[in-house]
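Q: Before anything else, here's the structure in question.
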Amino acid sequence: MQRYIVGRLLLMIPTLFGVAVLTFVVMRLVPGDIVALRYAGTGASVPQEIIDQERRALGLDKGIPEQFADWMAGIARLDMGTSLWTGRPVVEEVSLRLELSVELAIIATLLAIALAVPLGVIAAVKQDTWIDYVIRVFSIGGLAMPSFWIGILMILVLLTTFGWAPPLTFTSLLEDPFANLSQLIWPALAVGYRYSAVAMRMTRSSVLEVMREDYIRTARAKGARERLVVVRHALRNSLLPVVTVISLEFAFLIGGLVVTEQVFNLNGIGKLLVDAVAHRDYTLVQAIVLLLAFVFVLVNFLVDMLYVFLDPRIRYS
Amino acid sequence: MAVAIALALIVSACQQQPRTGTATSAPTGTGGEQPKSGGTLVFIVSSEPPSFDAHRETTYALLHPTSPHYSLLYKFDPAGITKNPKIVPDVAADMPQVSADKLTWTIKLRTNVKFHDGSQMTSADVLATYNKIIFPEEAKGVLSPRKGVYAAVESIAAPDPNTVVFKLKYPSGSFQSGLASPWNWIYSAAKLKEDPRWYEKNVMGTGPFTRIEYVKGSHWSGRKNPDYFVQGRPYLDAYRAVFIADANAQKNAIQSGQAQIEFRGFTPQQRDDLSRAMGTNLAVQENSWVCVNYITFNTTKKPFDDVRVRRALTLAIDRWSGGQALSQITIVKDVGGLSRPGSTYAMPPAELQKIAGFGRDAKTAQDQAKALLAQAGVPNLTFAFHNRSVTTPYEPVAVFAINEWKKIGVNATHQVKETSAYIADLRNKNFDVGLDFNCDYLDEPDLQLSKFYSASGLGRGLNLAHYDDKKLDDMITAQSRETDVEKRKKLVWDIEKYAMDEMAYQVPVLWWYRIIPHSTKVRGWEIGSNHYTNQDLASVWLAN
C-alpha cells in the first residue's frame, strides 16, 4: 500500500510537467501581446518604442525555449514568478483568491451532499412513486438550468422583492461569519443545486443497483428492518460512484465558476484565470492552470484512497 | 437548513445601515446647495489598474480609484466642467506667467502642500515629477507613454522652493492643457530618488484622500486627508472603489444602493433599467465624450491603397441616421470630424457636411460611392471588417457600417477577435479594414491627431492605417506650434479635409456619448467630456 501511495505521488510530477508544457505552448500560440493590450487596449495613443521597451523589460523579447527554461528554473526554486500585468508575485495573486474559491466550493459541496444523498436514496427506495417523480423533476431542473442563470434570477428576486443584493466585497469567514455567508450562500445555493442534481441522480441509480444485490435480499430475509437495510447495507455500498462524482465536481468548482463569479462579483480563481488569459498574462495563467491541475490530481488520489475506506474489498498493491 | 439560513440572511440584510459622519457647515457647492461633510462614497470601477503609476499607465481603471490620493499642477475645475471645462491651479498657486516669446513658463506653487507622509511639497517634487514624465530614465525601466505630448519642452528648473520654470524649444498650443493632464500626479522627489519606479507599487501623494487598502479583485479605499491643502475639503470621510466587471452586476449594485455611482459610463439600456427601478432616487448626467470609433483602412493592402475605394467606403455610411438609431442602444451619438462635435476645434457643421460621408444626402453619397468602386475596378468588393469582441459600442457600430456598405454592393464580413488578438492584427497589418478607437482626456488637436502622423515616423504604433504622408505630418506639426486659437482652428480643419476627405485614411464613424446614472445622494460631481479628469473627489459630497 505504501509503495502504491509513493508511486501515485511520484506519478503526479510527470503529469504536472505535461500540463505545464501544454499550457506554456498553448499560451504562446494564442495571438496577442500583453504589452500592446496594456497600452493600446484603452484607446490611448502610445508610441511603438514604449511597447518595445516594456516587452524587453518583461522578457518577452527572449526566445520561447529561453522563456520556458526561465520558468522551469523558477518552479524548481518554488518561485512561480511575477504577474506580467501587475508585477506582483503570482503566489500573492492566487492565494488572495484561493480562500474565497475554496470556501465556496466547500459550502456548495456540503449543500449538494445534504440534498443529493438523502433525496437520491429516497428516490431509489420509492422508485416509480410520485415521490420519485418529484425528486427526479427537481434534479433534472438542476441539470437543465445553468447555475449562473439561477444566480441571476436569485439576484433579481432579492433586488425586486427586498431591494437588497449580496455584498459586493469578500469578508473572511473568520473575520465576520455573517458578512461572509451573506455573500457566499447565494452562489453556493446556485452552484450547489446543479451540483446536487448530478450527485442525486448518481445516488439514485447506484442505490437502485445495489438494492437488487443478493446480500440485500439476504439482509431482508434475515428480518432486518428496511431502514437498516437501506442505510447500512445499500447506501454504503453504493457510495463509490457518488464519491467520485462529488470529488471531481469539487475540483472543478475551485476554478470553474467563471460566469457565476462574475454574476455575483466574486473575487475567485475562475475570474482571475479568465482575466489573466484576456491580458495574456503568461506567468499567471501558467501558475493557475498548474494549481488547478494539481487540485484535480490530488483529489483523484484522495478519492482512490477513500475507496479503500468505503469498500474494504479494495486493495492497492 | 440552507433555505433557513438564506431567509435569515435576507431579513437581516434588509436592515438599513446608518451612514457615518456628521453634517457640518461648508462652502457652497454646486447648484447653490450647502455641501455636507461626512459619509463614504462607494463607486464602481469596471477593471483594475496594472500598476499604481499614472505616469506609465493609460487606463482609467487606475485614475478612478487612485486619483483621490494625488494632486496635479493644474486641473480642470470640477464646477462647470460639463459646459465649460476650465483649467485652474491645483498645487500651483496661480496660472502660469508666460514670457512674451511664449517660451518660458514660470509657475508659482502653493506653500501649504504636504505629502501624506507629512513632508512638505516643494518645487523639487514638481521638477522630479515632470522630469520623470518628459525625460524618463528609460535605462532604469521608467516608461512614459505621453512624453511625446511635451516634445516642446527643452528643460525644467526649480530656481527656488516655490517656483518651477519650463523652457520650451518652440511655442506650443497645447502646453498649458498638458500641465492639467490627469496622468501627471505630483510625486515625491525623495521617493523617486530612492527608486524611480517606487510609485508603480506604492501610493503617496498630496491629494484629498490617503490610502486605506487595496484588495486586488475586490476594492480600493481611502480616507479623508486632514492635512489637505484646500481648507474644508474633501467633504467625504472616505471612499471605496469596488471592482465590478459584469455590466448587470454593476447595475444591480447601483440599484441596491451598495454603490452610488460608476464614473466611466453606462449604456442607454442600463440607464433606462435603473431609471425604471429607482425612479426619483436616480439622477442621470449625460454628455458627449472625447472618444470615437474610426474606420481604419489597411493602406498597405490592395484595394485599400486606392483612395477611391476608401472614399467610397466612407461615403456609403449615413452617419446622421446612424447616430440617431445607435444612440438608442449603445454609447455613440454625435457626428463629427477629428475633434469632438461642439468642442473648440470642431469643424462647423456646414463645413463638415462637405466631407465625404458626412453629408446629409445619403442617397447621393451612396451613388457616388458605387461610381468610385466601379472606377477602381471593385464594384462588388468583399473584405473582412476587423473588430474587437467588446459589445459596447464596437459590435453595434460595426454591424451598422456593414449594413451601410451592403447598400452599395459591398460585402463585408464581421471578423470579431478578442481584444489582444485584435490589437496585434491591427499593429501587424493583418487586416483589411478595422474598427479602431481613440479616447482622450481633453479636446486637444495634438492628442486627437497623434495617430495621423506617418506610420514610420511619429505615428509609429499609433497610425494603424499604416501610411506615410509627409504633407500630413507637416500640417499636424504646424497646428501644434500655432498658439492663436482661431488660426489653429483653421489649420485643424484643413487637416480634417485632407485626411478624411481627400485621402480618407482613417475616418470617424460616430463619437461616443457618456451616460452616468447615479444615486441622487451624490452631489458636487459634474460629468465631463471624458472619463479621466475630475476624479480627485475633493468636491464630492453626499446628501442625506
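The values are calculated or read from the model by the stated rules, or taken from the named source; none is laboratory data. Just so it is clear, the structure is predicted and the values come from calculations on it, not from any experiment. Neighbour counts are summed over all protein chains in view; Cβ atoms, including those assigned to glycine, are modelled from backbone coordinates with ideal geometry.
Q: Of the numbered conditions (1) modelled with pLDDT under 95; (2) not in a helix (DSSP H, G or I), B:GLY31 satisfies every one except a single condition; which is it?
A: Checking B:GLY31 against (1) modelled with pLDDT under 95; (2) not in a helix (DSSP H, G or I), the one that fails is (2).
Q: Just give me the residues in the stretch B:260-297 being under 21 Å from B:THR533 (Cβ atoms) and in a strand (DSSP E or B), in sequence order. Spell out the reasoning first.
A: From the stretch B:260-297, those under 21 Å from B:THR533 (Cβ atoms) are B:260-266, B:283-292; that's our starting set.
Once the filter is applied, which keeps residues that are under 21 Å from B:THR533 (Cβ atoms) and in a strand (DSSP E or B), the stretch B:260-297 yields B:ILE261, B:GLU262, B:ALA283, B:VAL284, B:GLN285, B:GLU286, B:ASN287, B:SER288, B:TRP289, B:VAL290, B:CYS291, B:VAL292.
One line per residue, one yes/no per condition, for (1) within 14 Å of chain B (Cβ to nearest Cβ); (2) touching a Leu at 6+ places or on another chain (Cβ under 8 Å); (3) part of a helix (DSSP H, G or I):
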| site | (1), (2), (3) |
| --- | --- |
| A:PRO241 | no, no, yes |
| A:SER247 | no, yes, yes |
| A:PHE250 | no, no, yes |
| A:ILE254 | no, yes, yes |
| A:ASN267 | yes, yes, no |
| A:ALA276 | yes, yes, yes |
| A:LEU290 | no, yes, yes |
| A:ALA293 | no, yes, yes |
| A:LEU302 | no, no, yes |
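Q: While we're on this one: Answer yes or no: is there a residue in the stretch A:139-148 that is hydroxyl-bearing (Ser, Thr, Tyr) and in contact (Cβ under 8 Å) with a residue 40 or more places away in the chain.
A: Filtering the stretch A:139-148 for residues hydroxyl-bearing (Ser, Thr, Tyr) gives A:139, A:147.
Next, only the ones that are in contact (Cβ under 8 Å) with a residue 40 or more places away in the chain stay: A:139, A:147.
Taking every residue of the stretch A:139-148 in turn, at least one turns out to be hydroxyl-bearing (Ser, Thr, Tyr) and in contact (Cβ under 8 Å) with a residue 40 or more places away in the chain.
Q: Show the residue pairs that are 6+ apart or on different chains and have beta-carbon atoms under 7 Å apart, the first residue being within the stretch B:55-70 and within 15 Å of B:LYS201 (Cβ to Cβ) and hydrophobic (A, V, I, L, M, F, W, C), the second being outside any helix (DSSP H, G or I) and modelled with pLDDT under 95.
A: Every condition considered, the pairs that remain are B:LEU62/B:PRO49.
Q: Provide a single number: the residues in the stretch B:37-80 that are closer than 30 Å to A:LEU84 by Cβ and either hydrophobic (A, V, I, L, M, F, W, C) or assigned to a loop (DSSP other than H, G, I, E, B) (or both). I'd like the intermediate steps shown before the answer.
A: If we filter the stretch B:37-80 for residues that are closer than 30 Å to A:LEU84 by Cβ, which is where we start, we get B:43-70, B:72.
Subset that is either hydrophobic (A, V, I, L, M, F, W, C) or assigned to a loop (DSSP other than H, G, I, E, B) (or both): B:43-59, B:61-63, B:70, B:72.
So the count comes out to 22.
Q: Turning to a different aspect of this structure: What is the number of the single condition among (1) more than 26 Å from A:LEU273 (Cβ to Cβ); (2) out of contact with any helix residue (DSSP H, G or I) (no Cβ under 7 Å at 6 or more places or on another chain); (3) within 14 Å of another protein chain (Cβ to nearest Cβ) that B:GLU200 does not meet?
A: Condition not satisfied by B:GLU200: (1).
Q: Sticking with this structure for a sec: Six or more apart or on different chains, Cβ under 6 Å: which pairs go from a residue in the stretch B:101-122 that's closer than 30 Å to B:ARG481 by Cβ to one that's surrounded by 14 or more Cβ atoms within 10 Å (Cβ to Cβ) and of a type in the set (Phe, Trp, Tyr)? Could you list them?
A: B:TRP105/B:PHE166
Q: If we scan the stretch B:345-367, do we find a residue that is small (Gly, Ala, Ser), surrounded by fewer than 22 Cβ atoms within 10 Å (Cβ to Cβ), closer than 26 Å to B:SER46 by Cβ and touching a residue at least 24 places away in the same chain (Cβ under 8 Å)?
A: Checked the stretch B:345-367: no residue is small (Gly, Ala, Ser), surrounded by fewer than 22 Cβ atoms within 10 Å (Cβ to Cβ), closer than 26 Å to B:SER46 by Cβ and touching a residue at least 24 places away in the same chain (Cβ under 8 Å).
Q: Here's another thing I want to ask about it. Which ones in the stretch B:28-76 are surrounded by fewer than 19 Cβ atoms within 10 Å (Cβ to Cβ) and charged (D, E, K, R)?
A: Passing the criteria: only B:GLU33.
Q: Also, I was wondering about something else. Just the residues that are surrounded by fewer than 20 Cβ atoms within 10 Å (Cβ to Cβ), in a strand (DSSP E or B) and either touching a helix residue (DSSP H, G or I) at 6+ places or on another chain (Cβ under 6 Å) or among the β-branched types (Val, Ile, Thr) (or both), please, taken from the stretch B:81-110.
A: B:ILE87, B:VAL88, B:VAL98, B:THR104, B:THR106, listed by residue number.
Q: From (1) under 19 Å from A:ASN265 (Cβ atoms); (2) assigned to a loop (DSSP other than H, G, I, E, B); (3) more than 9 Å from every other protein chain (Cβ to nearest Cβ), pick out the condition that doesn't hold for A:TRP164.
A: (3)
Q: A further question follows. Can you tell me which of A:ALA190, A:ALA179, A:ALA197 is within 14 Å of another protein chain (Cβ to nearest Cβ), part of a helix (DSSP H, G or I), small (Gly, Ala, Ser) and within 21 Å of the chain's Cα centre (by Cα)? Give the derivation first.
A: On the way: A:ALA179 fails: within 21 Å of the chain's Cα centre (by Cα); A:ALA197 fails: within 14 Å of another protein chain (Cβ to nearest Cβ).
Of A:ALA190, A:ALA179, A:ALA197, the one residue that is within 14 Å of another protein chain (Cβ to nearest Cβ), part of a helix (DSSP H, G or I), small (Gly, Ala, Ser) and within 21 Å of the chain's Cα centre (by Cα) is A:ALA190.
Q: Mind counting the residues in the stretch B:361-409 that are under 18 Å from B:GLN324 (Cα atoms), out of contact with any strand residue (DSSP E or B) (no Cβ under 9 Å at 6 or more places or on another chain) and modelled with pLDDT of 95 or more?
A: 5
Q: Restricting to the stretch A:205-238, count the residues that are of a type in the set (Ser, Thr, Tyr) and surrounded by fewer than 19 Cβ atoms within 10 Å (Cβ to Cβ). Explain how you work it out, then say what you get.
A: Keep residues of the stretch A:205-238 that are of a type in the set (Ser, Thr, Tyr), which gives A:205-206, A:215, A:218, A:238.
Going one step further and asking which of them are surrounded by fewer than 19 Cβ atoms within 10 Å (Cβ to Cβ), we end up with A:205, A:215, A:218.
Qualifying residue count, the stretch A:205-238: 3.
Q: Here are some conditions: (1) within 22 Å of the chain's Cα centre (by Cα); (2) assigned to a helix (DSSP H, G or I); (3) of a type outside the set (Phe, Trp, Tyr). A:LEU228 meets all but one. Which one does it not meet?
A: Just one mismatch for A:LEU228, condition (1).
Q: So in the stretch B:212-225, with the set limited to residues that are under 14 Å from B:HIS69 (Cβ atoms) and more than 24 Å from the chain's Cα centre (by Cα), which one is surrounded by the most Cβ atoms within 10 Å (Cβ to Cβ)? Spell out how you get there, then give the answer.
A: Keep residues of the stretch B:212-225 that are under 14 Å from B:HIS69 (Cβ atoms), which gives B:212-214, B:220-225.
Checking the rest, the ones that are also more than 24 Å from the chain's Cα centre (by Cα) come to B:212-213, B:223-225.
On the way: B:ILE212: 13, B:GLU213: 10, B:ARG223: 17, B:LYS224: 20, B:ASN225: 22.
Looking at the filtered set, the residue picked out is B:ASN225.
Q: Check every one of the helices (runs of 4 or more DSSP H) wholly within the stretch A:1-82 and list those with 3 or more residues that are within 14 Å of another protein chain (Cβ to nearest Cβ).
A: Working: elements: A:2-29, A:34-40, A:48-58, A:64-76.
Correct list: A:2-29, A:34-40, A:48-58.
Q: Could you go through the stretch B:158-174 and let me know if any residue there is among the aromatic types (Phe, Trp, Tyr), modelled with pLDDT of 95 or more and more than 21 Å from B:ASP484 (Cα to Cα).
A: Checked against the condition, which is being among the aromatic types (Phe, Trp, Tyr), modelled with pLDDT of 95 or more and more than 21 Å from B:ASP484 (Cα to Cα), the stretch B:158-174 yields no hits at all.
Q: Can you tell me how many residues in the stretch B:248-277 are more than 9 Å from every other protein chain (Cβ to nearest Cβ) and in contact (Cβ under 8 Å) with a residue 60 or more places away in the chain? Lay out the reasoning, then the answer.
A: Residues of the stretch B:248-277 more than 9 Å from every other protein chain (Cβ to nearest Cβ): B:251, B:254, B:260-276.
Still in the running and in contact (Cβ under 8 Å) with a residue 60 or more places away in the chain: B:254, B:260-271, B:274-275.
Counting residues in the stretch B:248-277 that are more than 9 Å from every other protein chain (Cβ to nearest Cβ) and in contact (Cβ under 8 Å) with a residue 60 or more places away in the chain gives 15.
Q: Mind checking which residues of the stretch A:154-181 are aliphatic (A, V, I, L, M) and surrounded by fewer than 13 Cβ atoms within 10 Å (Cβ to Cβ)? Break it down stepwise before answering.
A: Our first condition is that a residue be aliphatic (A, V, I, L, M); within the stretch A:154-181, this holds for A:154-159, A:165, A:168, A:173-174, A:179, A:181.
The answer is A:VAL157, A:LEU174.
Q: What is the one condition in (1) under 22 Å from A:PHE250 (Cα atoms); (2) surrounded by 14 or more Cβ atoms within 10 Å (Cβ to Cβ); (3) among the β-branched types (Val, Ile, Thr) that A:ILE131 does not satisfy?
A: Only one criterion is unmet by A:ILE131, namely (1).
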